[in-house]
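Asker: Submitted below is the structure of interest, expressed as structure tokens.
The values are calculated or read from the model by the stated rules, or taken from the named source; none is laboratory data. Quantities reported herein were computed from a predicted structural model and do not represent experimental measurements. Cβ atoms come from the backbone with ideal geometry, glycine included; neighbour counts cover every protein chain shown.
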Amino acid sequence: MDTTEASCHCGKVKITVPSTTKTITSCNCSACAKYAALCAYFSPTDVNVSVLSDSLSSYCWGDKTIKFHHCKNCGCVIHYTPTALGNENRMAVNFRLVNTDIVKKLDIRYFDGADTWQEIKR
């Protein structure tokens with residue numbers, strides 16, 4: 001199976017995912033907008049996260065249904081994981097950390113996570 005790799009700036013956190021996504025999401029919620037993340041979604045069982053030493057930390061806010069994970073060394077937001085039951089089969093990987101040649105080939109879906117929780121048509 002083909003895979004795609006992502007890593008933080010310093011390389012202490014790396015992620016490998018299946019190369020099955022054709023779409024990444026740009027969300028305008030308060031967290032995603034500030035992180036400037038472009039997320040691809042996968043089952044947590046399909047994602048391999050490799051961390052050197054104690055380099056990963058997380059941040060959870062609001063309704064606390066997801067945790068944003070970032071590298072303690074360089075600060076890059078790597079991914080988010082679900083914390084709530086019913087949402088455990090989906091996590092997001094920040095594709096800003098993937099090779100730009102791969103990202104350029106993907107469609108960007110715009111999502112209104114700030115207000116309507118619906119796709120923004122362009």
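Asker: Restricting to the stretch 79-115, and then to whatever is in contact with a Cys (Cβ under 8 Å, 6 or more places away or on another chain) and among the hydrophobic types (A, V, I, L, M, F, W, C), can you tell me which residue is farthest from residue 28 (Cα to Cα)?
Answerer: 97
Quick grid of which residues meet (1) among the charged types (D, E, K, R); (2) surrounded by 13 or more Cβ atoms within 10 Å (Cβ to Cβ); (3) not in a strand (DSSP E or B):
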{"residue": "14", "(1), (2), (3)": "yes, yes, no"}
{"residue": "17", "(1), (2), (3)": "no, yes, no"}
{"residue": "21", "(1), (2), (3)": "no, yes, yes"}
{"residue": "24", "(1), (2), (3)": "no, yes, no"}
{"residue": "33", "(1), (2), (3)": "no, yes, yes"}
{"residue": "37", "(1), (2), (3)": "no, yes, yes"}
{"residue": "49", "(1), (2), (3)": "no, yes, no"}
{"residue": "64", "(1), (2), (3)": "yes, no, yes"}
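Asker: Here's another thing I want to ask about it. Among the numbered conditions (1) in contact (Cβ under 8 Å) with a residue 60 or more places away in the chain; (2) in contact with a strand residue (DSSP E or B) (Cβ under 9 Å, 6 or more places away or on another chain), tell me where residue 30 comes up short.
Answerer: Just one mismatch for residue 30, condition (2).
Asker: Residue 108: touching a residue at least 24 places away in the same chain (Cβ under 8 Å) and assigned to a helix (DSSP H, G or I), yes or no? Reasoning before the result, please.
Answerer: Details: touching a residue at least 24 places away in the same chain (Cβ under 8 Å): yes; assigned to a helix (DSSP H, G or I): no.
Answer is no for this residue.
Asker: Still on this structure: Given (1) of a type outside the set (A, V, I, L, M); (2) in contact (Cβ under 8 Å) with a residue 12 or more places away in the chain; (3) more than 18 Å from residue 117 (Cα to Cα); (4) surrounded by fewer than 19 Cβ atoms within 10 Å (Cβ to Cβ), identify the lone condition not met by residue 90.
Answerer: Condition not satisfied by residue 90: (3).
Asker: Quick check: is even one residue across the stretch 67-82 surrounded by 13 or more Cβ atoms within 10 Å (Cβ to Cβ), in a loop (DSSP other than H, G, I, E, B) and modelled with pLDDT under 95? Working first, answer last.
Answerer: Step one: filter the stretch 67-82 for residues surrounded by 13 or more Cβ atoms within 10 Å (Cβ to Cβ), giving 67-74, 76-82.
So of that shortlist, the ones also in a loop (DSSP other than H, G, I, E, B) come out as 72-74, 76.
Filter again for modelled with pLDDT under 95, leaving none.
No.
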